[in-house]
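Undergrad: Here's a structure for you.
Every read-out reported here was derived from the displayed coordinates using simple, explicitly stated rules and does not represent laboratory data. Treat the numbers as computed from the prediction; the structure is a model and nothing was measured. Note that we place each Cβ from the backbone using ideal geometry, even for glycine, and neighbour counts take in every protein chain shown.
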């Protein structure tokens, strides 16, 4: 190594700094706003300036002082026409690349927060010698088997390129390496998440009464297991007639859920609500005995962490990063699958557990230790520090 390079490395290490970065996320829906806002706040703790590129409902609602600008990319409409989808996707990547070129003298690092890679922007970033950090979502959404083969091939090639040019790939859990088929990229993988709990609002209240309200709160979709939860209700009522249920949320399976409840005469035992305002969730958690998270695929669900922060015991499937937060019979309860029979069996196990209050207390301790803003910010600071030498982390 030349003396010049050695001297440059010593200067780099001896002059830690705050960085400027771009945060790019493909146009997203409202459900993505909170994770994106959380991540922005976390990155602003380590960065001097953050340039955000996103669209649709993805405009950050918060206003961190270090956000340099927000670039609203496009209104991303779905199309069944394969050529329209390819052209729109290409035009979107060209637009992102244009902004990255304009910012090339301002930024040190390009931060991509998306499931699908962005080949052109990532290659452009590499051409301009910017560090690339790719954060994958908490879980694989899963593509339909009806996806056009041309799109599948294009996606496979682009994903391979993106993984190759990325300097770091961030996952929620080491359990997701296999899910994302990232075995050959293990040397690039870091673990971090953008979830943190507002412990001032999500906190335990007075000790719970010995109620038997079992709840599902979330999106009514197949991957969230809502129908399996609903089908477990008659099985539970055969054993415990004193149980009641609270179901809150909305989604594509709402009509199917309502139809099942009606056909099986379950409305007397089930309170049925739509979406709950985020700030109102603690009041609901304090009314229920057990939150059930029967997902088929999952990352690290916020609803689970928020319930734990309110000392509400959680029963969840053993998928994604859930086992990172829930140890069975210690910080929550785990079940091996989300069949109605398995859900019913494990709800009864939870209700018969003499240590349920102790489990809830252990979960609360975990939240205060591992899922605060400062902890999330420190973890991401460490990840960023593997790419660019930063100033020491400060909790202030």
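Undergrad: Over all distinct Cα pairs, what is the inverse of the mean 1/r for the stretch 333-396, reported as the Kirkwood hydrodynamic radius in Å?
TA: Evaluated on the stretch 333-396, it is 15.1 Å.
Undergrad: Could you please tell me the mean projected area of the C-alpha convex hull for the stretch 213-370, averaged over all directions and given in square nanometres to one decimal?
TA: Computing the convex hull of the Cα atoms and averaging its projections yields 8.2 nm².
Undergrad: Determine the relative contact order of the stretch 213-370: mean sequence separation of Cα pairs under 8 Å and six or more apart, normalised by residue count, in whole percent.
TA: Reported relative contact order: 25 percent.
Undergrad: Below 8 Å between Cα atoms, with a sequence gap of 6+, how large is the relative contact order for the stretch 287-386 in percent?
TA: Value for the stretch 287-386: 26 percent.
Undergrad: Next question. In nanometres, what is the gap between the two model label sites at residue 149 and residue 395, each 7 Å from Cα along Cα-to-Cβ?
TA: Calculated label separation equals 5.8 nm.
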